[in-house]
Amino acid sequence: MSGGGSIANDGEAAAGGGGGGRGEVTFTVVMSCLTAGAGGLLLGYDIGVTGGVTQMESFLQAFFPEVLRKMSSAKQDAYCIFDSQVLNAFVSSFYLSTMVASLVAGHLTKTLGRRNSLLIAGVLFFAGTLLNLAAVNISMLIIGRILLGVAVGFSSLAAPVYLAEIAPARWRGAFTASIGLFGNLGFLMADMINYRATTMARWGWRLSLGAGIVPAVIVIVGAAFIPDTPNSLALRRRLDEARDSLRRIRGAADVDAELKDIVRAAEEDRRYESGALRRLLRREYRPHLVMAVLIMVFFEMTGAIVVAIFTPLLFYTVGFTSQKAILGSIITDVVSIVSVAAAAAVVDRHGRRRLFMVGGAVLILCQVAMAWIFGAQLGADGGRAMPRGYAVAVVALVCTYTAGLSVSWGSLSSVVTSEIFPLEVRSAALGLGGTISSALTFMQSQSFLEMLCSFKYGAFAYYAGWLTKGVPIESMGAVWAQHWYWKRFVKLAPAKQADGPE
């Protein structure tokens with residue numbers, strides 16, 4: 001067995017002993033990554049499939065014939081084609097159930113374990129996808145989407161934590177970042193399947209909504225065979241099982257030193273587990289509470305969810321056919337994947353604040369430019385056809401917007417929120433931020449199509465307005481302690497107690 005990043009058979013590595021110290025990636029770790037990655041893929045797929053299928057003729061004919069009639073009407077206001085409360089409910093029910101599930105997923109992931117949470121998510125993914133595939137009425141569609149939302153609530157928490165806890169130290173960053181990559185691949189997979197399914201006259205929508213069964217099966221089968229993480233088992237005081245799991249993951253017989261570190265971390269986690277929310281409400285943590293809210297609000301109000309869900313609908317609105325609208329969405333998916341990779345390469349070199357500011361400026365310019373194009377070319381009543389050159393410009397602006405989002409708010413908001421909060425309130429602040437994020441996502445997915453119909457091109461100006469209100473968040477401990485208002489609440493902690501980047 002060679003050193004470095006080789007893949008070793010678990011049994012051989014354990015017989016050799018000490019393998020985990022050199023950073024080998026064992027077969028168990030590879031299988032665990034594929035299982036957790038499939039969960040990330042499903043997250044991206046179930047979000048990405050929505051925009052394409054909701055403008056697919058076969059789907060609309062089966063469930064939303066009134067929207068199909070508006071698409072065929074020459075006198076229809078282009079802004080209002082997809083304005084339907086029932087269609088909004090189909091889209092937003094997914095995010096409502098995700099929000100509810102996120103409220104309990106953290107506790108259940110701790111009590112049941114990371115692996116069991118992934119297994120639950122896989123079963124729910126399978127059930128929800130199967131229900132959507134076999135749907136004969138809107139109720140079946142919405143119930144299926146609710147099950148998928150609950151599955152995402154579990155997997156979006158369990159998968160990244162699972163990967164972080166099984167990864168060798170030298171590979172931990174890459175393993176954790178792979179969840180975002182798998183999510184973007186899920187978006188791309190959804191749009192590519194939608195691109196083919198939109199040409200199928202009667203059952204194309206069933207292919208789009210049902211293709212998620214394959215990664216769901218991967219999650220179920222994988223979670224049935226992979227071990228739970230040593231950290232999760234130690235947190236539940238199952239130390240013998242934690243040792244066996246660590247030996248299997250590291251492929252080494254002697255894991256006592258690493259196990260001691262894990263047990264120590266579990267004890268520290270239990271010490272801060274109770275009363276975290278009450279601590280967050282104390283006077284000295286008021287700035288952290290404010291930032292937990294503001295960071296998620298500003299991120300959600302960048303319009304990111306609109307791009308993630310409704311890109312094909314926007315492209316259809318400016319005059320592209322259904323298939324070409326999905327092709328445009330595929331292009332933005334590729335841009336997003338490349339931009340996420342670029343963000344990983346530049347974030348530590350250029351710093352969080354600069355990327356936030358540059359990315360925010362790009363987002364503002366793109367939103368303002370889209371507002372101008374929509375207003376000038378579609379008109380206030382949406383009655384004019386947009387010239388093809390301007391329609392192509394909208395695609396280019398969405399791609400630029402996606403790139404700016406991916407290298408700034410899209411990739412950094414979760415990183416920064418985990419960096420600025422002290423350990424004693426971190427879990428509560430992140431949980432609160434996640435709940436707020438899910439609530440805002442639900443509100444936007446429920447209201448955007450109606451807002452587009454009512455505000456017309458002003459919908460893009462609305463998001464641009466939010467982007468002008470960004471908040472600098474780097475080195476927040478020193479900032480709060482020196483700020484003219486927050487200093488009355490915060491005293492800068494001694495250096496040895498600092499928790500976060502220097």
Sequence of His107, His288 from largest to smallest accessible area, 1.4 Å probe: His107, His288
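Over all distinct alpha-carbon pairs, what is the Kirkwood Rh of the stretch 272-341 in angstrom?
On the way: mean 1/r = 0.0655 Å⁻¹.
Here the Kirkwood hydrodynamic radius works out to 15.3 Å.
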Convex hull of Cα atoms in the stretch 229-334, direction-averaged projection (nm²): 11.9
Spherically averaged projected area in nm², based on the convex hull that wraps the Cα atoms of the stretch 78-126: 4.6
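Ordering Glu300, Glu241 by accessible area with a probe of 1.4 Å, largest first, what comes out? Intermediate results must be reported in sequence, preceding the final value.
Numbers: Glu300 10, Glu241 85 Å².
Sorted descending by solvent-accessible area, the residues read Glu241, Glu300.
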Counting all C-alpha pairs of the stretch 208-271, share separated by more than 12 Å (%): 70
Overall dimensions of the stretch 109-156 as given by Cα atoms, namely Rg and Dmax in Å: 11.7, 38
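I'd like the Kirkwood hydrodynamic radius of the stretch 120-222, using the inverse of the mean 1/r over distinct C-alpha pairs, in Å. Spell out each step's value before the answer.
Details: mean 1/r = 0.0675 Å⁻¹.
That comes to 14.8 Å for the stretch 120-222.
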Rounded accessible area of Val392 (nearest 10 Å², 1.4 Å probe): 80
With DNA, RNA and ligands ignored, accessible area of Ser117 (1.4 Å probe; Å², nearest 10): 0
Computed label-point distance, nm, for sites Met31 and Leu103 using a 7 Å Cα→Cβ extension: 3.8
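Report the extension gain between Val221 and Asp240 in nm, rounded to one decimal, defined as 0.36 nm multiplied by the number of residues separating them, less their alpha carbon distance.
On the way: separation 19, 0.36 × 19 = 6.84 nm, distance 2.46 nm.
That works out to 4.4 nm of additional length.
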Ile179, Ile120, reordered so the largest accessible area comes first (probe 1.4 Å): Ile120, Ile179
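The values are calculated or read from the model by the stated rules, or taken from the named source; none is laboratory data. From a predicted model like this one, the values you see are computed outputs, not experimental measurements. Because the Cβ atoms are built from the backbone with ideal geometry, glycine has one as well, and the counts that use them run over all protein chains shown. Heavy atoms of the whole protein, side chains included, go into the accessibility calculation; ligands, DNA and RNA do not. Shrake-Rupley method; radii C 1.70, N 1.55, O 1.52, S 1.80 Å.
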